[in-house]
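All remarks here apply to the structure that follows.
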Amino acid sequence: MKLFRTLLKKEIHDLFTLPAAGFIYLIISIIVGYSYKAAVQLYSNASISALQDPLYAAGFEPIKGIFVPSFGGVFIAVSLFVPFLFIHYITQEKRNNTFPLLLQVPYSYFQIITAKIIAAVLYYLSLLLFMIPALLHWQIIGGHTAMGELLLLFCGYVLYGVSIIAICFLSGNIFNDGARASIIALLLIIVSWLIDFGSEVNISPVVVFLSHWTLTAMLKTFENSIVSTAAVSYFILISAALFGGAYYVIRTDRKKFKKTIIISIVLLAVLFAVSQSVVYTRDISESRRNSFSPHVEKVLRKLDSLRITIYMAGNDSRYKYYKHEFLDPLKLINRNCVITIIEDNPEKYGLFEYSADGTVQSTYSSSIEEVIRILFELAHVSDTPQEQMQAFQGWPLTATKQQSTVIVLFYYLLLPLILGGIYILMLFGGKNKYNKEIEKSRVLL
């Protein structure tokens, strides 16, 4: 165990002192600072009117308005810059031919890969810590924070980051060339964005289907303050599969690469299916923006045989409104509902058909009130959904220019100076020490 701790310390030191690691710290400090400042400025400007209008104020949620856009800075850095760091970190072991030396200590392939994964995860977690100054600043200026939603958002980005690390490890172990490995890793990440874009413009039914399985789609579940076991298991299983693929690639002869890749793809497909079979969802947002009122939910849960047929294009603005306001909340409480979209029927275009227990009703209205009325009739509930949830008051807040300037100076000037000092201290200490300890252990053994 002591020998492994020495290896782990060496890997952490090697990763954190790479020039690219210091550069990414600088980049993410600027990006997060800018994202947070822009979010606060927009939120503050819009709050001026909300302070005089309680109905308008209900739309102000700090998690959605402040912290989701601020975490967007982390998302950009992790998706576009971090892969280059991790690929270089992985492939340099092959270029320096240090694997044989570490195996003589003796370390196993599993120990070497595990130490590298832990170091990579710790580095990524250090990037998420850049959000702490923004959180403290928001609290100091009087902002409200729903800690449960914020914790869920943080967990979502941890899972997303680990999956990015897993992609980099698999790509870095397949290709000896760091440039090719980086391109493949970025391609796998960007494909997720392209699928989401294709789904928005409704390129094809296949793309729409795949859009439910992308990394970004699963991350949005956490950004919307929805606890989903399917999303959690998705990230865990895909990361485990990719890390497992990386391990077996490095242990397998090159002639068996194709076989290993095929097995990994098949395993991923199976794991995707399994991850979606675990169903538990809960809306924890303060405003319950993803939910119906308790009375409506109670009625909709009874409609196990509900089928909805929509004669409309997937990129139609009415459908997007209908999906956001009705279909998405419905799926949280009734996953047995069957939804069919038919685009090539011009005679019925714009029609919504609802059927349950042999009864069919249709309407051209996408009004949520009209839809709920129809579903109450299908459920044979005579009363109308009069019950309303307790009104969410909202949390508008106006920040002064001086308050915004303070956080900008911190992210743009003070934090980079602090990080630069820490980087210099780490750069000139520790590396030779850990290498000597490992060499000493190798000689003794």
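The values are calculated or read from the model by the stated rules, or taken from the named source; none is laboratory data. It should be emphasised that the depicted structure is a prediction, and the values quoted were computed from it without experimental measurement. Using ideal geometry, Cβ is built from the backbone for each residue, glycine included, and neighbour counts are taken over all protein chains shown.
Data for the structure
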| item | result |
| --- | --- |
| Selection within region 303-330 - under 23 Å from residue 229 (Cβ atoms), of a type in the set (D, E, K, R) and in contact (Cβ under 8 Å) with a residue 24 or more places away in the chain | 304, 328 |
| Which listed residue, of 319, 364, is hydroxyl-bearing (Ser, Thr, Tyr), out of contact with any strand residue (DSSP E or B) (no Cβ under 6 Å at 6 or more places or on another chain) and at pLDDT 90 or above | 364 |
| Condition broken by residue 176, with the remaining ones in (1) part of a loop (DSSP other than H, G, I, E, B); (2) out of contact with any Lys or Arg (no Cβ under 6 Å at 6 or more places or on another chain); (3) not small (Gly, Ala, Ser) satisfied | (2) |
| Filtered residue count, region 95-133, keeping only those that are modelled with pLDDT of 85 or more and surrounded by 18 or more Cβ atoms within 10 Å (Cβ to Cβ) | 13 |
| Subset of region 219-231 that is in contact (Cβ under 8 Å) with a residue 24 or more places away in the chain and in a helix (DSSP H, G or I) - its residue that is farthest from residue 273 (Cα to Cα) | 223 |
| Per-region count, region 58-88, residues in a helix (DSSP H, G or I) and within 24 Å of residue 221 (Cα to Cα) | 21 |
| Some residue of region 205-215 being farther than 24 Å from residue 288 by Cα and among the aromatic types (Phe, Trp, Tyr) | yes |
| Matching entry among 233, 264 (being of a type in the set (Gly, Ala, Ser) and either modelled with pLDDT of 85 or more or within 30 Å of residue 333 (Cα to Cα) (or both)) | 233 |
| Checking residue 187 against (1) surrounded by fewer than 16 Cβ atoms within 10 Å (Cβ to Cβ); (2) without any contact (Cβ under 8 Å) to a residue 24 or more places away in the chain; (3) under 27 Å from residue 279 (Cβ atoms); (4) not aromatic (Phe, Trp, Tyr), the condition it does not meet | (3) |
| Residue within region 339-354 that is surrounded by fewer than 14 Cβ atoms within 10 Å (Cβ to Cβ) and in contact with a strand residue (DSSP E or B) (Cβ under 7 Å, 6 or more places away or on another chain) present | yes |
